[in-house]
Amino acid sequence: MSEHKKAEKIVGVKGMNDILPADAPLWELFENTVHSVLKSYGFQQIRTPIVEPTALFARGLGAVTDIVEKEMYSFTDTLNGDNLTLRPESTAGVVRAALEHNLTYDGPKRLWYSGPMFRHERPQRGRYRQFHQIGAEAIGFTGPDIDAELIMMCQRLWDDLGLEDVRLELNSIGDAEERNKHRVDLIAYFGQHKELLDTDAQRRLLSNPLRILDTKNPLMQEMVNGAPKLLDYLGPESRAHFEGVQKILQHNNIPYTVNPRLVRGMDYYNRTVFEWVTDQLGSQGTVCGGGRYDPLVEMFGGKPTPACGFAMGVERLLELMKAAGEQYAPNQCDVYLVHQGEAAQLQSFVLAERLRTAGLDVVLHCASSNAGGSFKAQMKRADASGAAFAIIIGEDEIANATAVVKNLRGAPDAESGQAAVAFDAVPDYLVDQIVGDDHDHDHVHYHA
(Lines give C-alpha, C1' and ligand atoms only; values in the text may rest on other atoms or scores of the structure.)
Protein backbone atom coordinates (compact mmCIF):
# COMPACT_ATOMS: atom_id res chain seq x y z
CA MET A 1 0.00 0.00 0.00
CA SER A 2 1.51 3.35 -1.05
CA GLU A 3 1.61 6.24 1.37
CA HIS A 4 0.53 9.66 0.18
CA LYS A 5 2.25 12.67 1.68
CA LYS A 6 -0.21 15.25 2.93
CA ALA A 7 -0.19 18.31 0.70
CA GLU A 8 1.28 21.44 2.22
CA LYS A 9 -1.36 24.02 3.02
CA ILE A 10 -1.24 27.15 0.87
CA VAL A 11 -2.04 30.41 2.66
CA GLY A 12 -2.75 33.87 1.34
CA VAL A 13 -0.15 36.55 0.71
CA LYS A 14 0.72 38.52 3.84
CA GLY A 15 -1.06 41.86 3.82
CA MET A 16 -3.66 40.72 1.25
CA ASN A 17 -6.66 39.76 3.34
CA ASP A 18 -9.73 37.63 2.77
CA ILE A 19 -13.10 39.26 3.38
CA LEU A 20 -15.12 36.47 4.99
CA PRO A 21 -18.92 36.04 4.96
CA ALA A 22 -19.18 37.26 8.56
CA ASP A 23 -17.60 40.58 7.51
CA ALA A 24 -19.59 41.00 4.31
CA PRO A 25 -22.70 42.69 5.84
CA LEU A 26 -20.57 45.53 7.26
CA TRP A 27 -18.84 46.00 3.89
CA GLU A 28 -22.22 46.04 2.15
CA LEU A 29 -23.62 48.57 4.61
CA PHE A 30 -20.60 50.83 4.10
CA GLU A 31 -20.57 50.50 0.30
CA ASN A 32 -24.33 51.00 -0.07
CA THR A 33 -24.18 54.12 2.13
CA VAL A 34 -21.27 55.58 0.16
CA HIS A 35 -22.89 54.82 -3.19
CA SER A 36 -26.13 56.47 -2.06
CA VAL A 37 -24.32 59.64 -0.91
CA LEU A 38 -22.27 59.88 -4.13
CA LYS A 39 -25.38 59.45 -6.26
CA SER A 40 -27.17 62.16 -4.30
CA TYR A 41 -24.46 64.62 -5.42
CA GLY A 42 -24.68 63.62 -9.09
CA PHE A 43 -21.51 61.49 -9.30
CA GLN A 44 -21.39 58.69 -11.89
CA GLN A 45 -19.37 55.50 -11.49
CA ILE A 46 -16.31 54.74 -13.60
CA ARG A 47 -14.41 51.42 -13.52
CA THR A 48 -10.78 51.36 -14.65
CA PRO A 49 -8.37 48.39 -14.93
CA ILE A 50 -6.36 47.15 -11.97
CA VAL A 51 -3.25 47.06 -14.19
CA GLU A 52 -1.98 50.23 -15.87
CA PRO A 53 1.24 51.23 -17.71
CA THR A 54 4.00 51.90 -15.18
CA ALA A 55 4.70 55.24 -16.88
CA LEU A 56 1.22 56.46 -15.86
CA PHE A 57 2.17 56.46 -12.17
CA ALA A 58 5.81 57.48 -12.63
CA ARG A 59 4.68 60.58 -14.54
CA GLY A 60 1.59 61.41 -12.51
CA LEU A 61 2.64 60.62 -8.95
CA GLY A 62 6.25 61.75 -9.33
CA ALA A 63 9.39 59.66 -9.72
CA VAL A 64 10.71 60.59 -6.26
CA THR A 65 7.56 59.79 -4.28
CA ASP A 66 7.58 56.86 -1.83
CA ILE A 67 4.92 55.07 -3.88
CA VAL A 68 6.93 55.08 -7.12
CA GLU A 69 10.31 54.57 -5.49
CA LYS A 70 9.48 51.77 -3.06
CA GLU A 71 5.86 50.60 -3.00
CA MET A 72 4.61 49.74 -6.50
CA TYR A 73 4.08 46.18 -7.71
CA SER A 74 5.60 46.52 -11.18
CA PHE A 75 6.47 43.82 -13.70
CA THR A 76 7.29 43.25 -17.35
CA ASP A 77 4.61 41.59 -19.47
CA THR A 78 6.25 38.41 -20.82
CA LEU A 79 4.03 38.52 -23.91
CA ASN A 80 5.04 41.89 -25.34
CA GLY A 81 7.58 43.41 -22.93
CA ASP A 82 5.27 46.18 -21.65
CA ASN A 83 6.11 47.65 -18.25
CA LEU A 84 2.97 47.31 -16.13
CA THR A 85 1.97 48.09 -12.55
CA LEU A 86 -0.82 47.05 -10.19
CA ARG A 87 -2.51 50.35 -9.44
CA PRO A 88 -1.35 51.92 -6.14
CA GLU A 89 -4.13 54.55 -6.42
CA SER A 90 -6.91 55.40 -8.89
CA THR A 91 -6.78 59.12 -9.66
CA ALA A 92 -4.17 58.68 -12.39
CA GLY A 93 -6.19 55.88 -14.01
CA VAL A 94 -9.46 57.83 -13.91
CA VAL A 95 -7.81 60.89 -15.47
CA ARG A 96 -6.17 58.68 -18.10
CA ALA A 97 -9.57 57.17 -18.96
CA ALA A 98 -11.29 60.57 -19.05
CA LEU A 99 -8.63 61.88 -21.42
CA GLU A 100 -8.49 58.75 -23.59
CA HIS A 101 -12.27 58.67 -24.06
CA ASN A 102 -12.75 62.45 -24.17
CA LEU A 103 -15.30 62.33 -21.35
CA THR A 104 -15.32 66.09 -20.82
CA TYR A 105 -16.15 66.96 -24.46
CA ASP A 106 -19.65 68.06 -23.40
CA GLY A 107 -18.75 69.62 -20.08
CA PRO A 108 -17.30 68.81 -16.65
CA LYS A 109 -17.80 65.37 -15.11
CA ARG A 110 -18.37 64.11 -11.57
CA LEU A 111 -16.97 60.57 -11.37
CA TRP A 112 -16.49 58.00 -8.60
CA TYR A 113 -14.71 54.67 -8.34
CA SER A 114 -14.14 51.80 -5.92
CA GLY A 115 -11.88 48.79 -5.77
CA PRO A 116 -8.60 47.27 -4.61
CA MET A 117 -5.24 49.09 -4.70
CA PHE A 118 -1.79 47.59 -4.20
CA ARG A 119 1.32 48.86 -2.41
CA HIS A 120 4.34 46.82 -1.35
CA GLU A 121 4.86 47.92 2.23
CA ARG A 122 5.05 46.40 5.70
CA PRO A 123 1.52 45.28 6.68
CA GLN A 124 0.12 46.76 9.89
CA ARG A 125 -3.26 47.76 11.25
CA GLY A 126 -5.08 49.86 8.66
CA ARG A 127 -2.21 49.55 6.18
CA TYR A 128 -2.20 46.55 3.85
CA ARG A 129 -0.56 45.44 0.62
CA GLN A 130 -3.96 45.03 -0.98
CA PHE A 131 -6.37 47.62 0.35
CA HIS A 132 -9.60 49.13 -0.89
CA GLN A 133 -10.48 52.70 -1.72
CA ILE A 134 -13.58 54.57 -2.78
CA GLY A 135 -12.95 57.94 -4.34
CA ALA A 136 -14.48 60.80 -6.27
CA GLU A 137 -12.98 62.91 -9.06
CA ALA A 138 -14.55 66.14 -10.34
CA ILE A 139 -12.92 66.97 -13.68
CA GLY A 140 -13.38 70.30 -15.47
CA PHE A 141 -14.44 72.46 -12.50
CA THR A 142 -12.40 75.60 -11.80
CA GLY A 143 -13.74 77.31 -8.70
CA PRO A 144 -13.45 76.69 -4.97
CA ASP A 145 -17.09 75.57 -4.89
CA ILE A 146 -16.31 72.03 -6.11
CA ASP A 147 -13.51 71.72 -3.50
CA ALA A 148 -16.03 72.61 -0.79
CA GLU A 149 -18.69 70.29 -2.25
CA LEU A 150 -16.34 67.31 -2.09
CA ILE A 151 -15.49 68.08 1.53
CA MET A 152 -19.16 68.51 2.46
CA MET A 153 -19.96 65.21 0.73
CA CYS A 154 -17.44 63.51 3.03
CA GLN A 155 -19.03 65.15 6.08
CA ARG A 156 -22.45 63.86 5.02
CA LEU A 157 -21.00 60.39 4.65
CA TRP A 158 -19.46 60.41 8.16
CA ASP A 159 -22.84 61.53 9.52
CA ASP A 160 -24.70 58.77 7.66
CA LEU A 161 -22.21 56.17 8.90
CA GLY A 162 -22.49 57.39 12.48
CA LEU A 163 -18.80 58.38 12.73
CA GLU A 164 -18.05 61.21 15.15
CA ASP A 165 -14.30 61.14 15.80
CA VAL A 166 -13.28 62.30 12.31
CA ARG A 167 -11.96 65.83 11.88
CA LEU A 168 -11.00 67.92 8.85
CA GLU A 169 -7.55 69.42 8.26
CA LEU A 170 -7.18 71.88 5.41
CA ASN A 171 -4.34 73.67 3.61
CA SER A 172 -3.39 75.28 0.31
CA ILE A 173 -0.11 74.38 -1.39
CA GLY A 174 -0.61 77.07 -4.04
CA ASP A 175 0.50 76.87 -7.66
CA ALA A 176 3.82 75.78 -9.16
CA GLU A 177 5.42 79.24 -9.21
CA GLU A 178 4.53 79.86 -5.57
CA ARG A 179 5.80 76.43 -4.53
CA ASN A 180 9.08 77.05 -6.39
CA LYS A 181 9.74 80.24 -4.40
CA HIS A 182 8.84 78.43 -1.20
CA ARG A 183 11.04 75.48 -2.24
CA VAL A 184 14.17 77.64 -2.47
CA ASP A 185 13.67 78.97 1.05
CA LEU A 186 12.69 75.53 2.36
CA ILE A 187 15.88 73.91 1.05
CA ALA A 188 17.94 76.72 2.57
CA TYR A 189 16.17 76.30 5.94
CA PHE A 190 16.57 72.53 6.05
CA GLY A 191 20.15 72.89 4.91
CA GLN A 192 20.84 74.93 8.05
CA HIS A 193 19.48 72.03 10.16
CA LYS A 194 20.95 69.17 8.16
CA GLU A 195 22.19 67.40 11.27
CA LEU A 196 18.54 66.93 12.40
CA LEU A 197 17.33 65.39 9.14
CA ASP A 198 16.71 61.64 9.10
CA THR A 199 17.64 59.44 6.13
CA ASP A 200 14.35 59.99 4.28
CA ALA A 201 14.52 63.76 4.79
CA GLN A 202 18.11 63.95 3.53
CA ARG A 203 17.11 61.98 0.45
CA ARG A 204 14.21 64.34 -0.19
CA LEU A 205 16.05 67.57 0.54
CA LEU A 206 16.80 68.46 -3.09
CA SER A 207 14.27 66.26 -4.88
CA ASN A 208 11.03 66.83 -2.90
CA PRO A 209 11.61 69.03 0.18
CA LEU A 210 7.88 69.74 0.59
CA ARG A 211 7.40 66.13 1.71
CA ILE A 212 9.74 66.69 4.65
CA LEU A 213 7.00 68.83 6.19
CA ASP A 214 4.85 65.71 6.43
CA THR A 215 7.41 63.75 8.48
CA LYS A 216 6.17 61.59 11.36
CA ASN A 217 9.62 61.53 13.02
CA PRO A 218 9.15 63.03 16.52
CA LEU A 219 12.83 64.09 16.65
CA MET A 220 12.24 66.44 13.69
CA GLN A 221 8.92 67.98 14.76
CA GLU A 222 10.21 71.10 16.48
CA MET A 223 12.61 71.90 13.65
CA VAL A 224 9.94 71.31 10.99
CA ASN A 225 7.46 73.52 12.85
CA GLY A 226 9.85 76.44 12.33
CA ALA A 227 10.13 75.92 8.57
CA PRO A 228 8.83 78.58 6.13
CA LYS A 229 5.06 78.19 5.66
CA LEU A 230 3.76 77.83 2.11
CA LEU A 231 0.64 79.82 3.00
CA ASP A 232 2.88 82.90 3.30
CA TYR A 233 3.93 82.49 -0.36
CA LEU A 234 0.44 82.33 -1.90
CA GLY A 235 -0.37 84.90 -4.56
CA PRO A 236 -3.74 86.72 -4.84
CA GLU A 237 -5.47 84.03 -6.96
CA SER A 238 -4.41 81.09 -4.78
CA ARG A 239 -5.28 82.99 -1.63
CA ALA A 240 -8.72 83.96 -2.99
CA HIS A 241 -9.38 80.34 -3.98
CA PHE A 242 -8.49 79.08 -0.50
CA GLU A 243 -10.58 81.77 1.17
CA GLY A 244 -13.48 80.81 -1.12
CA VAL A 245 -13.33 77.20 0.06
CA GLN A 246 -13.26 78.27 3.70
CA LYS A 247 -16.16 80.69 3.26
CA ILE A 248 -18.45 77.93 1.94
CA LEU A 249 -17.42 75.52 4.72
CA GLN A 250 -17.97 78.16 7.39
CA HIS A 251 -21.38 79.09 5.96
CA ASN A 252 -22.40 75.40 6.17
CA ASN A 253 -21.01 74.89 9.68
CA ILE A 254 -18.31 72.42 8.62
CA PRO A 255 -15.59 72.55 11.31
CA TYR A 256 -11.97 72.42 10.15
CA THR A 257 -8.42 73.29 11.14
CA VAL A 258 -5.94 74.96 8.80
CA ASN A 259 -2.77 72.84 8.98
CA PRO A 260 0.08 74.71 7.22
CA ARG A 261 2.22 71.53 7.24
CA LEU A 262 -0.37 69.43 5.41
CA VAL A 263 0.86 68.25 2.02
CA ARG A 264 -0.16 65.29 -0.14
CA GLY A 265 2.14 62.51 -1.26
CA MET A 266 1.62 62.88 -5.02
CA ASP A 267 3.24 65.49 -7.25
CA TYR A 268 0.06 66.36 -9.11
CA TYR A 269 -1.65 68.32 -6.28
CA ASN A 270 -2.02 72.11 -6.22
CA ARG A 271 -3.96 74.68 -4.20
CA THR A 272 -6.53 73.01 -1.90
CA VAL A 273 -5.42 69.87 -0.05
CA PHE A 274 -7.33 68.22 2.79
CA GLU A 275 -7.35 65.18 5.04
CA TRP A 276 -9.95 63.64 7.33
CA VAL A 277 -8.13 62.24 10.37
CA THR A 278 -8.92 60.34 13.57
CA ASP A 279 -7.07 59.50 16.78
CA GLN A 280 -8.61 56.01 17.03
CA LEU A 281 -6.33 54.20 14.57
CA GLY A 282 -2.89 54.97 15.96
CA SER A 283 -0.31 56.06 13.39
CA GLN A 284 -2.68 55.33 10.49
CA GLY A 285 -4.95 58.21 11.40
CA THR A 286 -5.81 59.49 7.90
CA VAL A 287 -9.05 57.91 6.68
CA CYS A 288 -9.62 60.15 3.64
CA GLY A 289 -7.45 62.57 1.71
CA GLY A 290 -7.66 64.67 -1.39
CA GLY A 291 -7.43 68.03 -3.00
CA ARG A 292 -7.07 69.88 -6.27
CA TYR A 293 -4.83 68.56 -9.07
CA ASP A 294 -5.17 70.99 -11.98
CA PRO A 295 -1.83 70.03 -13.66
CA LEU A 296 -2.54 66.29 -14.06
CA VAL A 297 -4.52 66.22 -17.31
CA GLU A 298 -1.87 68.32 -19.05
CA MET A 299 0.86 66.06 -17.59
CA PHE A 300 -0.85 63.18 -19.42
CA GLY A 301 -0.88 65.03 -22.75
CA GLY A 302 -4.30 66.69 -22.60
CA LYS A 303 -5.39 70.30 -22.66
CA PRO A 304 -5.14 72.17 -19.33
CA THR A 305 -8.16 70.97 -17.34
CA PRO A 306 -8.93 71.75 -13.67
CA ALA A 307 -9.78 68.84 -11.38
CA CYS A 308 -10.32 67.95 -7.74
CA GLY A 309 -10.98 64.73 -5.84
CA PHE A 310 -10.47 62.50 -2.83
CA ALA A 311 -9.92 58.87 -1.87
CA MET A 312 -10.97 57.13 1.35
CA GLY A 313 -9.50 54.00 2.89
CA VAL A 314 -12.29 51.46 3.25
CA GLU A 315 -10.58 49.20 5.80
CA ARG A 316 -9.77 52.14 8.09
CA LEU A 317 -13.33 53.43 7.99
CA LEU A 318 -14.69 49.96 8.73
CA GLU A 319 -12.46 49.91 11.82
CA LEU A 320 -14.10 53.17 12.94
CA MET A 321 -17.57 51.77 12.28
CA LYS A 322 -16.78 48.76 14.46
CA ALA A 323 -15.39 51.02 17.19
CA ALA A 324 -18.61 53.06 17.06
CA GLY A 325 -20.61 49.87 17.68
CA GLU A 326 -22.23 49.94 14.26
CA GLN A 327 -25.00 47.32 14.08
CA TYR A 328 -25.74 45.48 10.89
CA ALA A 329 -28.09 42.65 10.02
CA PRO A 330 -26.22 39.34 9.96
CA ASN A 331 -29.07 37.30 8.48
CA GLN A 332 -28.46 35.69 5.12
CA CYS A 333 -32.10 35.11 4.21
CA ASP A 334 -35.75 35.83 4.94
CA VAL A 335 -36.89 32.22 4.82
CA TYR A 336 -35.22 28.87 5.53
CA LEU A 337 -36.91 25.82 3.95
CA VAL A 338 -36.84 22.60 5.99
CA HIS A 339 -38.00 19.33 4.37
CA GLN A 340 -38.03 15.56 4.92
CA GLY A 341 -38.49 12.99 2.16
CA GLU A 342 -38.18 13.07 -1.63
CA ALA A 343 -41.66 14.44 -2.33
CA ALA A 344 -41.15 17.16 0.27
CA GLN A 345 -37.78 18.07 -1.23
CA LEU A 346 -39.29 18.43 -4.73
CA GLN A 347 -42.15 20.55 -3.39
CA SER A 348 -39.63 22.68 -1.46
CA PHE A 349 -37.76 23.53 -4.67
CA VAL A 350 -41.01 24.67 -6.30
CA LEU A 351 -42.01 26.75 -3.28
CA ALA A 352 -38.54 28.27 -2.89
CA GLU A 353 -38.61 29.56 -6.49
CA ARG A 354 -42.06 31.06 -6.00
CA LEU A 355 -40.88 32.86 -2.86
CA ARG A 356 -37.84 34.25 -4.67
CA THR A 357 -40.10 35.47 -7.47
CA ALA A 358 -42.12 37.26 -4.78
CA GLY A 359 -38.91 39.12 -3.74
CA LEU A 360 -37.80 37.13 -0.71
CA ASP A 361 -34.38 35.65 0.05
CA VAL A 362 -34.65 31.92 0.57
CA VAL A 363 -32.19 29.25 1.70
CA LEU A 364 -33.27 25.69 0.95
CA HIS A 365 -31.67 23.04 3.15
CA CYS A 366 -29.29 20.83 1.18
CA ALA A 367 -27.37 17.76 2.32
CA SER A 368 -23.97 18.50 3.85
CA SER A 369 -21.11 16.45 5.24
CA ASN A 370 -21.25 17.99 8.71
CA ALA A 371 -24.99 18.42 9.36
CA GLY A 372 -27.70 15.80 9.69
CA GLY A 373 -30.92 15.83 7.75
CA SER A 374 -33.31 15.37 10.66
CA PHE A 375 -35.95 18.00 11.34
CA LYS A 376 -34.13 18.93 14.55
CA ALA A 377 -30.79 19.42 12.78
CA GLN A 378 -32.41 21.40 9.99
CA MET A 379 -34.27 23.66 12.42
CA LYS A 380 -30.98 24.35 14.16
CA ARG A 381 -29.56 25.46 10.82
CA ALA A 382 -32.67 27.56 10.16
CA ASP A 383 -32.25 29.40 13.43
CA ALA A 384 -28.51 29.95 12.86
CA SER A 385 -29.20 31.41 9.40
CA GLY A 386 -30.89 34.44 10.93
CA ALA A 387 -34.01 33.82 8.84
CA ALA A 388 -37.23 35.46 9.94
CA PHE A 389 -39.30 32.36 9.13
CA ALA A 390 -38.83 28.64 8.62
CA ILE A 391 -41.05 26.65 6.27
CA ILE A 392 -41.41 23.00 7.21
CA ILE A 393 -42.57 20.35 4.74
CA GLY A 394 -42.79 16.62 5.58
CA GLU A 395 -45.01 13.66 4.72
CA ASP A 396 -48.06 15.08 6.53
CA GLU A 397 -47.67 18.44 4.79
CA ILE A 398 -47.43 16.77 1.38
CA ALA A 399 -50.61 14.77 2.12
CA ASN A 400 -52.46 17.95 3.16
CA ALA A 401 -50.91 20.26 0.50
CA THR A 402 -49.91 22.65 3.29
CA ALA A 403 -46.66 23.94 4.75
CA VAL A 404 -45.93 24.80 8.35
CA VAL A 405 -44.72 28.40 8.52
CA LYS A 406 -42.86 29.06 11.77
CA ASN A 407 -41.90 32.54 12.96
CA LEU A 408 -38.35 32.35 14.32
CA ARG A 409 -38.11 35.93 15.56
CA GLY A 410 -41.23 36.59 17.62
CA ALA A 411 -44.53 34.84 16.92
CA PRO A 412 -47.50 36.67 15.42
CA ASP A 413 -49.57 33.79 16.82
CA ALA A 414 -49.04 34.07 20.57
CA GLU A 415 -49.98 30.44 21.19
CA SER A 416 -47.75 28.53 18.82
CA GLY A 417 -45.77 30.95 16.66
CA GLN A 418 -46.61 28.88 13.59
CA ALA A 419 -49.41 28.34 11.11
CA ALA A 420 -50.40 25.75 8.50
CA VAL A 421 -50.68 27.49 5.14
CA ALA A 422 -51.72 26.02 1.79
CA PHE A 423 -48.79 25.70 -0.64
CA ASP A 424 -50.33 28.18 -3.12
CA ALA A 425 -50.95 30.74 -0.38
CA VAL A 426 -47.48 30.65 1.23
CA PRO A 427 -45.86 33.42 -0.92
CA ASP A 428 -48.62 35.96 -0.23
CA TYR A 429 -48.74 34.98 3.43
CA LEU A 430 -45.02 35.51 3.93
CA VAL A 431 -44.84 38.71 1.92
CA ASP A 432 -47.59 40.12 4.15
CA GLN A 433 -45.72 38.98 7.26
CA ILE A 434 -42.28 40.19 6.20
CA VAL A 435 -42.93 43.23 4.06
CA GLY A 436 -46.30 44.29 5.45
CA ASP A 437 -49.61 45.10 3.85
CA ASP A 438 -48.79 48.79 3.51
CA HIS A 439 -45.55 48.41 1.56
CA ASP A 440 -44.64 47.56 -1.99
CA HIS A 441 -43.67 43.92 -2.45
CA ASP A 442 -40.22 44.76 -3.69
CA HIS A 443 -37.00 43.23 -2.40
CA VAL A 444 -37.31 44.29 1.23
CA HIS A 445 -35.72 42.24 4.01
CA TYR A 446 -36.95 41.52 7.48
CA HIS A 447 -34.23 41.99 10.11
CA ALA A 448 -34.68 40.94 13.69
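Brief remarks on what is shown
- D by Stokes-Einstein for the chain, Kirkwood Rh over Cα pairs, 25 °C, 0.890 mPa s: 95 µm²/s.
- In the range 136-257, taking the dipole from charged Cβ atoms about the Cα centre, the farthest positive-side position among G191, A138, P218 is held by G191.
- Measuring between their Cα centroids, the range 95-161 and the range 5-52 lie 16 Å from each other.
- Folded to 0 to 90 degrees: helix 91-100 orientation relative to the chain principal axis, Cα: 90
- Between the Cα long axis of helix 236-251 and the first principal axis of the chain there is an angle of about 30°, rounded to the nearest 10.
- For the chain, the mean residue ellipticity at 222 nm estimated from helices alone is -10000 deg cm²/dmol, where every DSSP H run of n ≥ 4 contributes -39500 (n - 2.57) and the total is divided by all residues, rounded to the nearest 500.
- Net charge of the neighbourhood of N252, taken over other residues with C-beta under 11 Å away and scored Lys/Arg +1, Asp/Glu -1, is +1.
- Residue-level accessible surface for K229, protein heavy atoms, 1.4 Å, Å²: 80
- Rel. contact order, % - alpha carbon contacts under 8 angstrom, at least six apart, the chain: 14
- Other residues lying with their Cβ under 13 Å from the Cβ of G285 contribute a combined charge of -1, Lys and Arg counting +1, Asp and Glu -1.
- Three-way shape label, the range 151-306, alpha-carbon gyration tensor, a/c 1.5: oblate
- Between I134 and M312, V314, the built amide H atoms are under 5 Å apart, and every one of these is 5 or more places off in sequence or on another chain.
- DSSP bridge orientation in the chain - percent antiparallel, rounded to nearest 5: 80
- Shape index of the range 285-399: Rg/Rh, with Rg the Cα radius of gyration and Rh the Kirkwood radius from the inverse mean 1/r over Cα pairs, equals 1.36.
- Extension reserve of the K181-D165 stretch, reckoned as 0.36 nm per residue once the Cα distance is removed: 2.1 nm
- In Å², nearest 10: area of Y233 left accessible to a 1.4 Å probe: 60
- Heavy-atom accessible area for T199, with the other protein chains in place and a 1.4 Å probe, reaches approximately 110 Å².
- Listed by chain and number, the lysines placed with their C-alpha closer than 18 angstrom to that of K194 are K216; residues fewer than eight positions away on the same chain are left out.
- Around the Cα centre of the chain, unit charges on the Cβ atoms of Lys, Arg, Asp and Glu (plus for the first two, minus for the last two) sum to a dipole of about 1800 debye.
- The chain, accessible area per residue, ligands and nucleic acids excluded (1.4 Å, Å²): 52
- Counting only protein heavy atoms and a probe of 1.4 Å, the accessible surface of the chain is 50% carbon and sulfur.
- Folded to 0 to 90 degrees: helix 24-40 orientation relative to the chain principal axis, Cα: 60
The values are calculated or read from the model by the stated rules, or taken from the named source; none is laboratory data. Everything numeric here is computed off the predicted structure, so don't read it as measured data. Using ideal geometry, Cβ is built from the backbone for each residue, glycine included, and neighbour counts are taken over all protein chains shown. Note: accessible area is taken over every heavy atom of the protein model, side chains too, but ligands, DNA and RNA are not part of it. Shrake-Rupley method; radii C 1.70, N 1.55, O 1.52, S 1.80 Å.
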